[in-house]
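These notes concern the structure reproduced below.
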Amino acid sequence: MSDPRVIMGGVNGETHSAAECPQCHAHLALVLTPATRIAEGIPPSLPAAVPAAAVEPRRDEYTPPPVAEVLAAYAGRKIDGATAARGAAQVRESLNAARAAVAQRRATRRAVRRPLKSA
């Protein structure tokens, strides 16, 4: 398999490569190196300098951003105790309301499933 222009994964190796970068998922190009020039003792020429494009890594839609990236916006802020206590109280209240709603739904389901007792 001396010729790198092989068909990989149903894609024509001359135009597209099935190989992709594991980080940004960009398709990697296959570059031919003339074997005759290397055999003759002529070193291969350096590839032309192509500026690298700033490509952000592709994220799946369901993937949340990194925690450090999210918390960076809050770096250096002072914590207000009163505000933190109010926020914690709101969270507790919300959780208790959710628990009560779940308990109510379960009780309703149990009542529906229970057969009626005749007198």
In the list ILE38, ILE42, which residue meets the criterion of being outside any helix (DSSP H, G or I), aliphatic (A, V, I, L, M), at pLDDT below 85 and surrounded by 10 or more Cβ atoms within 10 Å (Cβ to Cβ)?
-> ILE42
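Identify the residue in the stretch 58-79 that is surrounded by 10 or more Cβ atoms within 10 Å (Cβ to Cβ) and closer than 16 Å to HIS25 by Cβ and, among all such residues, is modelled with the highest pLDDT.
ARG58
The values are calculated or read from the model by the stated rules, or taken from the named source; none is laboratory data. Since we're looking at a predicted model, the values are computed, not measured. Glycine also receives a Cβ, built like all others from the backbone with ideal geometry; neighbour counts cover every protein chain displayed.
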